[in-house]
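Visitor: Okay, here's the structure, questions in a sec.
The values are calculated or read from the model by the stated rules, or taken from the named source; none is laboratory data. Not measured: the values here are computed from a predicted model. Note that we place each Cβ from the backbone using ideal geometry, even for glycine, and neighbour counts take in every protein chain shown.
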Amino acid sequence: MPISCFKCGTCCIAPDISTLGKPVGVPCVHLRADRRCGIYPDRPAVCRDYAPDELCRALHGLPPAARVGHYLAVFGLPDADDAK
Ligand code: SF4
Ligand code: SF4
């Protein structure tokens, strides 16, 4: 059964995305306040190719404030303060 995106926006905040010049732990400039993509029809391939997976299920079970930190820990990425 496919895993659905519950539109938490974590994958638009946590990882670095070189195509967008986005550093780790910083919200994408295109991420709207409602956690939706502001350029959805024109988003780059790296975003189009990102598919919800088991991590999304785990994120869904966490409080919103804990999601980015969990994502970073899973991928061994530094948090935003460490990345400066
Ligand atoms: S982290 Fe997963 S559930 Fe959250 S917006 Fe990204 S794909 Fe959707
Ligand atoms: S371009 Fe859209 S989908 Fe891609 S990281 Fe930014 S807000 Fe998310």
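Visitor: Can you find even one residue in segment 8-18 that is more than 13 Å from the chain's Cα centre (by Cα), more than 12 Å from ligand 1 (Cβ to nearest atom) and assigned to a helix (DSSP H, G or I)?
Guide: Looking through segment 8-18, at least one residue is more than 13 Å from the chain's Cα centre (by Cα), more than 12 Å from ligand 1 (Cβ to nearest atom) and assigned to a helix (DSSP H, G or I).
Visitor: If you take the residues of segment 48-66 that are out of contact with any His (no Cβ under 9 Å at 6 or more places or on another chain) and assigned to a helix (DSSP H, G or I), which of them is nearest to Thr19 (Cα to Cα)?
Guide: Among residues in segment 48-66 that are out of contact with any His (no Cβ under 9 Å at 6 or more places or on another chain) and assigned to a helix (DSSP H, G or I), the one nearest to Thr19 (Cα to Cα) is Arg48.
Visitor: Hey, among Pro52, Pro78, Pro2, Pro64, which residue is touching a residue at least 24 places away in the same chain (Cβ under 8 Å) and more than 14 Å from ligand 1 (Cβ to nearest atom)?
Guide: Pro78
Visitor: Report whether or not Cys5 is within 13 Å of the chain's Cα centre (by Cα), under 18 Å from Arg67 (Cβ atoms) and assigned to a helix (DSSP H, G or I).
Guide: No, not satisfied.
Visitor: Examine segment 23-45 for a residue that is small (Gly, Ala, Ser), within 12 Å of ligand 1 (Cβ to nearest atom) and in a helix (DSSP H, G or I), and state whether such a residue exists.
Guide: Looking for residues that are small (Gly, Ala, Ser), within 12 Å of ligand 1 (Cβ to nearest atom) and in a helix (DSSP H, G or I), one finds none in segment 23-45, hence no.
Visitor: Might you check whether a residue that is surrounded by 14 or more Cβ atoms within 10 Å (Cβ to Cβ) and more than 12 Å from ligand 2 (Cβ to nearest atom) occurs anywhere in segment 28-48?
Guide: Checked against the condition, which is being surrounded by 14 or more Cβ atoms within 10 Å (Cβ to Cβ) and more than 12 Å from ligand 2 (Cβ to nearest atom), segment 28-48 yields no hits at all.
Visitor: Oh, and also: Is there any pair with a first residue in segment 30-44 that is without any contact (Cβ under 8 Å) to a residue 60 or more places away in the chain and a second that is away from ligand 1 (no atom under 15 Å from the Cβ) and among the acidic types (Asp, Glu) whose Cβ atoms are under 6 Å apart and which are 6 or more apart or on different chains, and what are they?
Guide: none
Visitor: Count, please, the residues in segment 19-45 that happen to be closer than 18 Å to Leu77 by Cα and either under 12 Å from the mean Cα position of the chain (by Cα) or modelled with pLDDT under 95 (or both).
Guide: 7
Visitor: Separate question: Quick check on my filter: what residues within segment 50-69 are among the small types (Gly, Ala, Ser) and away from ligand 2 (no atom under 16 Å from the Cβ)?
Guide: Ala58, Gly61, Ala65, Ala66, Gly69
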